[in-house]
Each structure stands twice: as structure tokens, then as C-alpha cells.
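Data block below; observations after.
The values are calculated or read from the model by the stated rules, or taken from the named source; none is laboratory data. This one's a predicted model, so the numbers in the text were calculated from it and none came from an experiment. When we count neighbours, we look across all protein chains shown, and the Cβ atoms used for this are built from the backbone with ideal geometry, even at glycine. For the accessible areas, the whole protein counts, side chains as well, though only heavy atoms, and no ligand, DNA or RNA atoms are used. Shrake-Rupley method; radii C 1.70, N 1.55, O 1.52, S 1.80 Å.
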Amino acid sequence: MLAIIGGTGFSSLAVTDGGMETTAFGDVYMETGELHETPVVFVPRHGNPPRYPPHKINYRAIIQALFDAGVDGIIAVNTVGSVDETLSVPGLVIPDQIIDYTWGRQQTFHDDQIVHVDLTHPYDPVLRTLLCDAAAGYPTRTDGVYGCTQGPRLETAAEIRRLRKDGCHIVGMTAMPEAGLARERGIPYAAICVVINAGAGIKNRIIDMDETRRSLDTGMGWVRDVLIRVVQST
Ligand code: HPA
């Protein structure tokens, strides 16, 4: 069964039963139900109702709950800003790499053992291909480096310039440690990101929150369509 981790603007599947699941790493709200007659598990990473900022999300409880549910893949939905000036806003990105700029988050399930998982390719190639195929027809970039910042504030213009020099294409706050923890639990994981604003300093004005909200609504509509196509194709 496939799992979906929803982000900002995507906090419920609306066709499901929800409740709290208890794990060894804490409790997590989870929904089980059907997306286009296909069983799926859904976790809104910011909680239901949404209340956990990116640095306060219990990523370990989320991944552990999905592991305990026996899911065989996770599709993460993230909202991001653009770092690459050529990206459409709104637009979709299915990233293939991550640079982690976060700090102070619980990065591992193994606090009492020395375990180093391989994360050369953080996103699962099979799930990525399903997403890329399903996103055909939408303004989509089918690769890219996700720079994961700590937040919750947005970046300075200089930070966005630095991310660009580092090779990032998009910036968000929730890719890590989620992707690393999924790898520790051996669950294939891929992400579809909605670009809802140009990164700080890209336009000659500050980030307009009303415009961002409109891009979010449009982009999340696209994501729902893409996810339905993904489950139809599996
Ligand atoms: N920066 C970081 N995270 C984000 C942004 C951004 O500009 N937009 C949406 N999530």
C-alpha cells in the first residue's frame, strides 16, 4: 500500500477515517482510506489540524507509523520556493537530490547504535518515474536539488544566492530528516513539490503572501490529479 505525506495546503484526503497512532517515537495522526478506489494511508505532517511548524514535526513518529502500517512506498508532498529563476510559479518539481541545511532535528532512529545508511540517491527511482509520468501536462521539472532550510522564517536574499551557488533549484523546510528516516526504515520514498513563490530576492520585492496562497491552491489541485494518476497506474 502507498502512503502519502501531505504538507501545507494538503492536510486531508477527505475520503478517509483518521485517528491517532501510537509509536515508540510518539503519536501521529494518520488517515486510512481510498484514493480513486485504491487503498492509501495519509499523514498530514503538520498535524490535524495543522499546528506543527517544520522544525517541530515529529518526523520519526510519522515514518515509524508508516513502517508499522506496512506501507511499501511513500510519496511526500512539499511546498517550496524557487531558487532557480527559470522555474514556473506555480509549478511542480520532482526532485532527485537534497542538501540538508537543517539543525537540531532528530535525524535518526538509531541514537544508541552506530548506523550509517546510504543516501546517495535520497529519492526512489521507481516512485520518481511514476510521479514524472503522472505529472505530464503540468508545468513540471522532473529533477532538481531540494535545499532544506531550518525555517520557520523564509530565507534572506543572500541565503537564496548561496543556495543557488550550492546547486539548489528549490528551497523548502520539510524534506529532511523525513527522507533519511524513510531510508533508515527501508521504505521507498519520493517527493512532489509545489513551487508557490519565487525565492527571496528573485523578484524586486518582498514575497507576496496572497500570491503565494493562490499558487498553493492551484498547485495542490495539480498534485491531487497527479496522485490519482499515480495510484491508477500502480
Ligand atoms: N523558502 C522555504 N520554504 C518554503 C518557501 C521558501 O521560499 N516557500 C514555500 N516553502
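General observations
- For the chain, hydrophobic long helices are taken as DSSP H runs at least 24 Å long by C-alpha position along their axis with mean Kyte-Doolittle hydropathy of -0.5 or more; these are 209-233.
- Carbon + sulfur, % of accessible area of the range 175-234 - ligands and nucleic acids excluded, 1.4 Å: 49
- Contact order normalised by residue count of the range 1-141, Cα under 8 Å, 6+ apart, percent: 25
- Per residue solvent-accessible surface (Å²) - the chain, probe of 1.4 Å: 46
- Shape of the range 36-116, Cα gyration tensor, a/c cut at 1.5: oblate
- Per-atom-type breakdown for the range 1-64 gives carbon and sulfur 49% of the accessible area (1.4 Å probe, protein chains only).
- Accessible surface of the range 72-166 [probe 1.4 Å, protein heavy atoms]: carbon and sulfur percent: 52
- DSSP loop GluC sites (Glu not before Pro) with at most 14 other Cβ within 10 Å excluded, longest remaining stretch of the chain: 86-234
- Qualifying trypsin sites (Lys or Arg not before Pro) for the range 75-164 [loop in DSSP, other Cβ within 10 Å: at most 13]: Arg153
- Compactness of the chain - radius of gyration and Dmax, Cα, Å: 16.6, 49
- Cα-centred dipole magnitude for the range 1-99, charges only on beta-carbon of K, R (+1) and D, E (-1), debye, nearest 20: 400
- Legend: calculated FRET efficiency, Thr108 to Arg51, from the Cβ-Cβ distance at R0 = 25 Å, rounded to 0.05, equals 0.50.
- Computed magnitude of the charge dipole of the chain (debye, nearest 20; Cβ of K, R +1, Cβ of D, E -1): 780
- Cα gyration tensor shape for the range 164-234, rounded if a/c is under 1.5, else prolate or oblate: oblate
- Of Val93, Asn78, Val115, farthest towards positive along the dipole that unit charges on Lys, Arg, Asp, Glu beta carbons give the range 56-143: Asn78
- Candidates per chymotrypsin sites (Phe, Trp or Tyr not before Pro) in the range 91-120, loop by DSSP, up to 13 other Cβ within 10 Å: Trp103
- Separation between Cα centres of the range 38-77 and the range 124-158, rounded to whole Å: 18
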